[in-house]
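K.L.:
This structure is in structure tokens; I'll ask about it shortly.
The values are calculated or read from the model by the stated rules, or taken from the named source; none is laboratory data. On a predicted model such as this, the values are computed, not experimentally measured, just so you know. Here the Cβ positions follow ideal geometry from the backbone for every residue, glycine too, while neighbour counts run over all protein chains shown.
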Amino acid sequence: MTYSDILMLLPVTLADGLVLGLVYATIALGYSMVYGVLGLINFAHSEIFMVGAIVSVEVMTYAFVGSDLHPIIQIAVAMVCAATVSGTLAVAAERIAYRPLRIRKAPFLAPLITAIGISLFLQDAVRFIESLFGQFIRPFPSIPFFDQQIPLTANDTISYKSVTILVIAGTMLLTLNYLVQHTKLGKAIRAVALDRKAASLMGVNVDRIIMITFLIGGILAGVAGVLYALQFGRVDPFTGFIPGLKAFTAAVLGGIGSIPGAMLGGVILGILEVLIGTYAPIFTNNVIGTEYKDIFAFGILIIILIFKPTGLLGRSTTEKV
Amino acid sequence: MTAGSQTAPLLEVRDLQAYYGHIHALKGVSFKVEKGEIVTLIGGNGAGKTTTLATISRLLTSSTGDILFEGRSITGLEPHDVVNAGIAHVPEGRRIFSGLTILENLEMGAFALSDKAEIARRLEHGFTLFPRLKERVKQLGGTLSGGEQQMLAVARALMQNPRILLLDEPSMGLSPLFVERIFEIIEAINREGTTVLLVEQNAHMALGIAHRAYVLKNGEIAMEGDARHLLSDDAIREAYLGEG
Ligand SMILES: Nc1ncnc2c1ncn2[C@@H]1O[C@H](COP(=O)(O)OP(=O)(O)OP(=O)(O)O)[C@@H](O)[C@H]1O
Ligand SMILES: [Mg+2]
């Protein structure tokens, strides 16, 4: 391969990385926001994401196969359904499991174990339900519309699918950023994250803000599930694990608790992963295949964290007196 | 409206008992604050002053006894409901939002309010009391000096336009000049009609501006009376003013 061949791969690689990165970022926000207000790693978040993906597959399969409706509208309907189910599940987890533990002042390991429990419960519940109807590995119906290509550079194209994901995820992130930075609700969320007691002394119903935070995280995870299913074309009850782990990593890389950090972390992780997946085989004559991309991506993350332990945009611990 | 509720104290605490696990922090504290008064609660370290305020604002719920605000019991309320009933609490250590700007901190004070014009009016009023804050509206709360943070905490509580202001050691950690300034401001706020319950270790200063005082010792009211009277009382001077 010549130098210019390698360079020519770059635009597509970066575009793919950005698509993946925005999906990670959309999931990562849920981890980061919940951590921000509660100091809790909500490990059930990856399954909330998975449920969103499953819901979208079922909506597309049972409501829209053979439908004349415009594919964008179909995806929009799937998104609303997935966001509703995922958002409801996230709020249910908070109300049924986390809040009672908080009221009883349980030490931090109790909600953590609970989160893992909810995670396993959701995996098996989805597997059980899907098994009643047949195979629990569910294909996303193929929609030719999304396979159409538009030019990216002189030599490259990008699919409608990728553009759709970029636009939807980008819109979600910008909307969330506006909500958190410029609305009264956003100010309350930031205040609760900084000091729960002080926020309650301002007349903020802290439990309500925590619930809304779970709701927002759940909605974002549900939408990310739809985008993931659209992109990868196949979903099963265990689909949440790896993207969830990577989104969590993205949240830590960006600085857990930081909203812009989660976005930045997701994009960096997505781009690193695709860059390494593309170029590692080329530069090593296929000695190191694409399948090793995660080792390098995570290796680079560890190095970044050694130099910036609080994450790229994380608050330094000394600031929180 | 009965004549009784007209004359009821603005805030009345009856036989308050509070626990931290097995620690019995308040052992039957009772006191009253009449509308328009500055009442000070003085006492040394660990006397139970902060605990008393936290119990009133319901940050601490492991307590018995009754707390009446405008004649109604508030012990069943959540902290945010207590605030919205008209009780503002400037907690120990100020607890301003370090990652929010000064303007955002102040806006948080008016959280329950949606009338933009009224919020702007209260902001302006706060800035006339604390001109230093106005110059720094875009600055993050965490970057203020201790004295400025104390001013922000008071200004933020005033954004709630409270019926009563609970202040937990506003003089703590401040230079004498700042202490004097903050006490002047408390007097000014009171003159404008806000009732004040002032918790202080700086008994001399507190008695100087208060109408009445209660002395808290080991979770019990050890003494009470007219502030000027207590200021000239030998026992007080010995025990709390370090002039013995
Ligand atoms: N979170 C807590 N856990 C256990 N004990 C506590 C806690 N907070 C306060 N106490 C105890 O309760 C008692 C009263 O404490 P409190 O903070 O109300 O005192 P204070 O009068 O405000 O003192 P200071 O002037 O030092 O602030 C003290 O003996 C203290 O050790
Ligand atoms: Mg105290």
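K.L.:
So, in segment B:48-62, of the ones that are away from ligand 2 (no atom under 13 Å from the Cβ) and at pLDDT 95 or above, which residue ends up nearest to the other protein chains (Cβ to nearest Cβ)? Before you say what the answer is, go through the steps one by one.
P.N.:
Residues of segment B:48-62 that are away from ligand 2 (no atom under 13 Å from the Cβ), as a first pass: B:56-58, B:61-62.
Narrowing the set further to residues that are at pLDDT 95 or above leaves B:56-58.
Working: B:ILE56: 11, B:SER57: 6, B:ARG58: 9 Å.
It comes out as B:SER57.
K.L.:
Identify, please: which residue in segment B:159-181 is within 16 Å of the chain's Cα centre (by Cα) and within 16 Å of ligand 2 (Cβ to nearest atom) and is, among those, surrounded by the most Cβ atoms within 10 Å (Cβ to Cβ)? Give the steps one after another, and end with the answer.
P.N.:
The first filter runs over segment B:159-181 and keeps only residues within 16 Å of the chain's Cα centre (by Cα), leaving B:159-172, B:179.
With within 16 Å of ligand 2 (Cβ to nearest atom) added as a condition, the list becomes B:166-172.
Numbers: B:LEU166: 25, B:LEU167: 28, B:ASP168: 23, B:GLU169: 22, B:PRO170: 25, B:SER171: 22, B:MET172: 15.
By that ranking, first place goes to B:LEU167.
K.L.:
Can you pull out the residues in segment A:173-205 that are of a type in the set (S, T, N, Q), surrounded by 19 or more Cβ atoms within 10 Å (Cβ to Cβ) and part of a helix (DSSP H, G or I)? Even if it seems obvious, please write down each step before you answer.
P.N.:
At the first step, the residues of segment A:173-205 found to be of a type in the set (S, T, N, Q) are A:175, A:177, A:181, A:183, A:200, A:205.
With the extra rule that they be surrounded by 19 or more Cβ atoms within 10 Å (Cβ to Cβ), the set shrinks to A:200, A:205.
A:SER200 - this is the single residue of segment A:173-205 that is of a type in the set (S, T, N, Q), surrounded by 19 or more Cβ atoms within 10 Å (Cβ to Cβ) and part of a helix (DSSP H, G or I).
K.L.:
Restricting attention to segment B:28-47, which residues are more than 14 Å from the chain's Cα centre (by Cα) and either surrounded by 23 or more Cβ atoms within 10 Å (Cβ to Cβ) or within 16 Å of ligand 2 (Cβ to nearest atom) (or both)?
P.N.:
Within segment B:28-47, B:VAL29, B:GLY43, B:GLY44, B:ASN45, B:GLY46, B:ALA47 meet the criteria.
K.L.:
In segment B:87-128, what residues are under 22 Å from B:ILE56 (Cβ atoms), touching a Phe, Trp or Tyr at 6+ places or on another chain (Cβ under 7 Å) and free of Cβ contacts under 8 Å to residues at least 60 places away in the same chain?
P.N.:
Passing the criteria: only B:MET108.
K.L.:
Residues of segment A:31-75 being of a type in the set (S, T, N, Q) and within 23 Å of A:PHE121 (Cα to Cα), which ones? Write out each step before concluding.
P.N.:
Just the residues of segment A:31-75 that are of a type in the set (S, T, N, Q), to begin with: A:32, A:42, A:46, A:56, A:61, A:67, A:74.
Once the filter is applied, which keeps residues that are of a type in the set (S, T, N, Q) and within 23 Å of A:PHE121 (Cα to Cα), segment A:31-75 yields A:SER32, A:ASN42, A:SER46, A:SER56.
K.L.:
Moving on to the next point. Report the residue count in segment B:103-130 for those that are of a type in the set (S, T, N, Q) and either surrounded by fewer than 19 Cβ atoms within 10 Å (Cβ to Cβ) or touching a Ser or Thr at 6+ places or on another chain (Cβ under 6 Å) (or both).
P.N.:
So the first thing to find is which residues in segment B:103-130 are of a type in the set (S, T, N, Q), and the list is B:105, B:114, B:128.
So of that shortlist, the ones also either surrounded by fewer than 19 Cβ atoms within 10 Å (Cβ to Cβ) or touching a Ser or Thr at 6+ places or on another chain (Cβ under 6 Å) (or both) come out as B:114, B:128.
Number satisfying all stated conditions: 2.
K.L.:
I need every pair where a residue in segment B:129-157 that is closer than 17 Å to B:ARG95 by Cβ and touching a residue at least 12 places away in the same chain (Cβ under 8 Å) has its Cβ under 6 Å from the Cβ of a residue that is assigned to a helix (DSSP H, G or I) and aromatic (Phe, Trp, Tyr), sequence separation at least 6 or different chains.
P.N.:
Hits for this filter: B:GLY147/B:PHE178.
K.L.:
Let me ask something else about it. Go through B:VAL90, B:VAL83, B:VAL33 for me and flag whichever is away from every other protein chain (no Cβ under 14 Å) and either touching a Leu at 6+ places or on another chain (Cβ under 7 Å) or within 16 Å of ligand 1 (Cβ to nearest atom) (or both).
P.N.:
Values: B:VAL90 fails: away from every other protein chain (no Cβ under 14 Å); B:VAL83 fails: away from every other protein chain (no Cβ under 14 Å).
On inspection, the qualifying residue turns out to be B:VAL33.
K.L.:
Can you confirm whether B:THR75 is within 16 Å of ligand 2 (Cβ to nearest atom), over 26 Å from B:PHE127 (Cβ atoms) and at pLDDT 95 or above? Even if it seems obvious, please write down each step before you answer.
P.N.:
Working: within 16 Å of ligand 2 (Cβ to nearest atom): no; over 26 Å from B:PHE127 (Cβ atoms): yes; at pLDDT 95 or above: yes.
It is false that B:THR75 is within 16 Å of ligand 2 (Cβ to nearest atom), over 26 Å from B:PHE127 (Cβ atoms) and at pLDDT 95 or above.
K.L.:
Against the conditions (1) away from chain A (no Cβ under 14 Å); (2) within 16 Å of ligand 1 (Cβ to nearest atom); (3) surrounded by fewer than 18 Cβ atoms within 10 Å (Cβ to Cβ), where does B:ARG14 fall short? Just the number, please.
P.N.:
(2)
K.L.:
Something else about it: Step by step: first the residues of segment A:106-144, then only those that are of a type in the set (D, E, K, R) and surrounded by fewer than 21 Cβ atoms within 10 Å (Cβ to Cβ), then the one that is farthest from A:GLY240 (Cα to Cα). Which residue is that? Explain how you work it out, then say what you get.
P.N.:
Keep residues of segment A:106-144 that are of a type in the set (D, E, K, R), which gives A:124, A:127, A:130, A:138.
Retained after the next criterion (residues that are surrounded by fewer than 21 Cβ atoms within 10 Å (Cβ to Cβ)): A:124, A:127, A:130.
Values: A:ASP124: 12, A:ARG127: 13, A:GLU130: 16 Å.
The qualifying residue farthest from A:GLY240 (Cα to Cα) is A:GLU130.
K.L.:
Which of the residues belonging to segment B:147-180 are within 16 Å of ligand 1 (Cβ to nearest atom) and of a type outside the set (S, T, N, Q)?
P.N.:
If the condition is that a residue be within 16 Å of ligand 1 (Cβ to nearest atom) and of a type outside the set (S, T, N, Q), then B:ALA153, B:LEU166, B:LEU167, B:ASP168, B:GLU169, B:PRO170, B:MET172, B:GLY173, B:LEU174, B:VAL179 are the ones that fit.
K.L.:
Output the qualifying pairs, or none if there are none: Cβ atoms under 6 angstrom, residues six or more apart or on different chains, first residue in segment A:179-205 and within 7 Å of another protein chain (Cβ to nearest Cβ) and more than 19 Å from B:ALA85 (Cα to Cα), second residue outside any helix (DSSP H, G or I) and of a type in the set (Gly, Ala, Ser).
P.N.:
That search, which allows pairs on different chains as well, returns A:LEU194/B:GLY99.
K.L.:
Quick one: would you say B:GLY126 is among the small types (Gly, Ala, Ser) and more than 16 Å from ligand 2 (Cβ to nearest atom)? Steps first, please.
P.N.:
Details: among the small types (Gly, Ala, Ser): yes; more than 16 Å from ligand 2 (Cβ to nearest atom): yes.
Yes: the conditions hold for B:GLY126.
K.L.:
Report, by residue number, each residue of segment A:228-268 that is within 10 Å of the chain's Cα centre (by Cα) and in a helix (DSSP H, G or I). Let's see the steps before the verdict.
P.N.:
Filtering segment A:228-268 for residues within 10 Å of the chain's Cα centre (by Cα) gives A:228, A:240, A:243-248, A:250-251, A:262-263, A:266.
Matches in segment A:228-268: A:TYR228, A:PRO243, A:GLY244, A:LEU245, A:LYS246, A:ALA247, A:PHE248, A:ALA250, A:ALA251, A:ALA262, A:MET263, A:GLY266.
K.L.:
Evaluate the following for A:ARG208: is it at the interface with chain B (Cβ under 8 Å from one of its Cβ atoms) and either farther than 26 Å from A:TYR24 by Cβ or basic (Lys, Arg) (or both)?
P.N.:
Working: at the interface with chain B (Cβ under 8 Å from one of its Cβ atoms): no; either farther than 26 Å from A:TYR24 by Cβ or basic (Lys, Arg) (or both): yes.
In short, no.
K.L.:
While we're on this one: Mind telling me which of the residues B:THR40, B:THR75 ends up being within 16 Å of ligand 1 (Cβ to nearest atom) and away from every other protein chain (no Cβ under 14 Å)?
P.N.:
On the way: B:THR75 fails: within 16 Å of ligand 1 (Cβ to nearest atom).
Testing whether each residue is within 16 Å of ligand 1 (Cβ to nearest atom) and away from every other protein chain (no Cβ under 14 Å) leaves just B:THR40.
K.L.:
Inspect all residues belonging to segment B:123-136 and state whether any of them is of a type in the set (A, V, I, L, M, F, W, C) and closer than 27 Å to B:VAL33 by Cα.
P.N.:
Step one: filter segment B:123-136 for residues of a type in the set (A, V, I, L, M, F, W, C), giving B:123, B:127, B:129-130, B:133.
Now restrict to residues that are closer than 27 Å to B:VAL33 by Cα: B:129-130.
Yes, the conditions are met somewhere in segment B:123-136.
K.L.:
Every residue in segment B:61-81 that is closer than 21 Å to B:GLY21 by Cα and of a type in the set (D, E, K, R), please.
P.N.:
Matches in segment B:61-81: B:ASP66, B:GLU78.
K.L.:
Filter segment B:95-143 for residues that are at the interface with chain A (Cβ under 9 Å from one of its Cβ atoms) and of a type in the set (Lys, Arg) and give the result.
P.N.:
Answer for segment B:95-143, where residues must be at the interface with chain A (Cβ under 9 Å from one of its Cβ atoms) and of a type in the set (Lys, Arg): just B:ARG95.
K.L.:
As an exercise: evaluate A:TYR228 against (1) in contact with a helix residue (DSSP H, G or I) (Cβ under 7 Å, 6 or more places away or on another chain); (2) closer than 28 Å to A:VAL91 by Cβ; (3) within 14 Å of another protein chain (Cβ to nearest Cβ) and give the number of the one condition it does not meet.
P.N.:
Failing condition for A:TYR228: (3).
K.L.:
Among the residues of segment B:90-102, are any within 25 Å of B:GLY28 (Cβ to Cβ) and surrounded by 15 or more Cβ atoms within 10 Å (Cβ to Cβ)?
P.N.:
Narrowing segment B:90-102 to residues within 25 Å of B:GLY28 (Cβ to Cβ): B:91-92.
From what is left, the residues that are surrounded by 15 or more Cβ atoms within 10 Å (Cβ to Cβ) are B:91-92.
Checked segment B:90-102: at least one residue is within 25 Å of B:GLY28 (Cβ to Cβ) and surrounded by 15 or more Cβ atoms within 10 Å (Cβ to Cβ).
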